[in-house]
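K.L.:
Quick one: this structure, given as C-alpha cells, is what I'll be asking you about.
What follows is calculated from the coordinates using simple rules that are stated; it is not laboratory data. Note that the coordinates shown come from a computational prediction; the quantities given were computed from them, not determined experimentally. Ideal geometry is used to build each Cβ from the backbone, glycine not excepted, and the neighbour counts take in all protein chains shown.
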C-alpha cells in the first residue's frame, strides 16, 4: 500500500515523532484532568443525594428546605466539574 509507506516515512522523521509525542501528551493530560476532576464532584453529588433522601425520609415536613439546600449544593459541586472541563479544553487547544 503506497499510502501506508508514505505515512510510515512521515512518522519516522524525528520532527514528526516529536509532534506526535506532544499531541499524545496533551491528550493524555486533558483526559487525566477531566477524569480526575469529575471524580470528586461525582462522589460528592452521590453522597449529597443519599443524605438528602435520608433526611427527607426522617422528616418529611422539611422536604422543601432540604430539597432547596440539596439543589444549591449540587450546583456548587457541578461547578467544580465544569472547572475541570475548562482546564481540559485549555490543555488541548491552548498549550
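K.L.:
Given R₀ = 25 Å, what would the calculated FRET efficiency be for residue 29 paired with residue 72, taking r from the Cβ atoms and rounding to 0.05? Don't skip to the end; give the middle numbers.
P.N.:
Values: r = 32 Å, r/R0 = 1.29.
With R0 = 25 Å, the Cβ-Cβ based efficiency is 0.20.
K.L.:
Further question: For the pair residue 39 and residue 61, how long in nm is the line joining their label points, each one 7 Å along Cα→Cβ?
P.N.:
4.3
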